[in-house]
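Structure record follows, encoded as structure tokens.
The values are calculated or read from the model by the stated rules, or taken from the named source; none is laboratory data. Bear in mind that the values here come from a model prediction, so they are computed numbers and not experimental data. No Cβ is skipped: glycine too gets one built from the backbone with ideal geometry, and neighbour counts run over all protein chains shown. The accessibility values were calculated without ligands, DNA or RNA, using every heavy atom of the protein model including side chains. Shrake-Rupley method; radii C 1.70, N 1.55, O 1.52, S 1.80 Å.
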Amino acid sequence: LGKALYLGEGYTYINTPTAAPANNLPPGYPALVALTMALWSPEFAAIKVVNGIFLLLSVLALFILYRHLGTNVHLAFVAALAAFCNGHLLHSSIIMMSEVPFLFFSTAALLLFTRLQDENFRQPQIYLLLVCLVAAYYIRTMGVALLVAICLELAWQRRWKYLAFVATGHVVAVLPWYIRGRRLGGNPYIDQLLSINPYRPDLGRVGWSDLVVRLYENAQRYIHREIPDSLLYYIDRDWDREP
């Protein structure tokens, strides 16, 4: 998809005979790939190096965020170093996937949000915050969770002007992608997310009880496997054991 954008073929699957329009994945990361190809090199290695650069920038943003939240400089350094040594992040930083650029824009959004002053649209932070929120969404659809969280916090703080600006700006920015998806028959990614089992569409859509079960199973997986594996990835563990 990134190569298609780089070659001027549009957001299409140029690896298929019909070059069908792409609608499954948001175009943010392919756009970064195309930009890398245009400004640097079309080689795979260059794109992977850019992911590594995003990891470095993400860790730097995390360090600044921790310091801004009042953390001791030494503790902030150790916390940022722990993120830098995270096994999942290190793996994602050397492959062509969107996790690390998403981490950078979402962390940058949190950093900008914590630096927002009283409602004053002359400060650049509010505009950069909106850019980072939109970029995070276009890189990974799950970025909508970050938008909801920030909007809820703005509502809690009664900063209604900022809330209206961020919510309206985000809707306007993602509306073209939504309209395009509807014209192409809907977004398969959202359909998979809301299905009980994407590999068995006959089971239908999730209900509230299914969401509760999914939440429990995901929490169990993160606590039992993902978090320990990311921090202690050099230790062999028996994943077949019960949690």
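Listing for the model above:
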read-out: Segment Asn24-Leu128, length gained on full extension (0.36 nm per residue, minus Cα span); value: 34.7 nm
read-out: At most 12 other Cβ within 10 Å, DSSP loop - chymotrypsin sites (Phe, Trp or Tyr not before Pro), segment 96-139; value: Phe121
read-out: Label-reachable residues, segment 138-176, where backbone N falls under 16 Å from a point 7 Å from Arg182's Cα toward its Cβ; value: 171-176
read-out: Kirkwood Rh and Cα Rg combined as Rg/Rh, segment 1-118; value: 1.08
read-out: Per-residue ³J(HN,Hα) for segment 21-32, Karplus 6.51 cos²θ - 1.76 cosθ + 1.60, θ = phi - 60°, Hz, x for Gly and Pro; value: x, 7, 9, 7, 10, x, x, x, 5, x, 5, 5
read-out: Projected-area average for segment 55-176 over all orientations - Cα convex hull basis, square nanometres; value: 8.0 nm²
read-out: Expected-Rg normalisation [2.2 N^0.38 Å, Cα atoms] applied to segment 154-241; value: 1.62
read-out: Base-10 log of normalised Debye intensity for segment 191-243 (one unit scatterer per alpha-carbon) at q = 0.13, 0.16, 0.20, 0.29 Å⁻¹; value: -0.46, -0.63, -0.78, -1.04
read-out: Per-selection Rg to Rh, segment 155-196 - Cα, Kirkwood hydrodynamic radius; value: 1.18
read-out: For segment 111-128 versus segment 38-91, the gap between their alpha-carbon centres in whole angstrom; value: 23 Å
read-out: Cα-derived Rg over Rh, computed across segment 48-89 with Rh taken as Kirkwood radius; value: 1.02
read-out: Normalised alpha carbon radius of gyration of segment 1-46 [divisor 2.2 N^0.38 Å]; value: 1.10
read-out: Cα-Cα P(r), segment 121-199, percent of pairs per 5 Å interval; value: 3, 14, 21, 22, 16, 11, 8, 4, 1, 0
read-out: At 0.890 mPa s and 25 °C, Stokes D of segment 63-119 from Kirkwood alpha-carbon radius, µm² per second; value: 195 µm²/s
read-out: Sulfur and carbon atoms: percent of accessible area, the chain [1.4 Å]; value: 65 percent
read-out: Amide proton proximity set for Ser195, modelled H, under 5 Å, gap of 5+; value: Val206
read-out: Table column - 3J(HN,Hα) (Hz), segment 144-150, Karplus curve with 6.51, -1.76, 1.60, x for Gly and Pro; value: 5, 5, 5, 4, 4, 4, 5
read-out: Hull shadow area, averaged, the chain [alpha-carbon convex hull, nm²]; value: 17.1 nm²
read-out: Residue among Val172, Val213, Val78 with the largest mean-square fluctuation in a Gaussian network model of the chain, springs linking Cα atoms under 10 Å; value: Val213
read-out: Heavy-atom accessible area per residue - segment 25-97, 1.4 Å, Å²; value: 55 Å²
read-out: In sequence order, calculated HN-Hα J values of segment 179-187 (Karplus, 6.51, -1.76, 1.60; Hz; x Gly/Pro); value: 4, 4, x, 5, 5, 9, x, x, 8
read-out: Rg and Dmax [Cα atoms of segment 22-66; Å; Rg one decimal, Dmax integer]; value: 12.9, 39
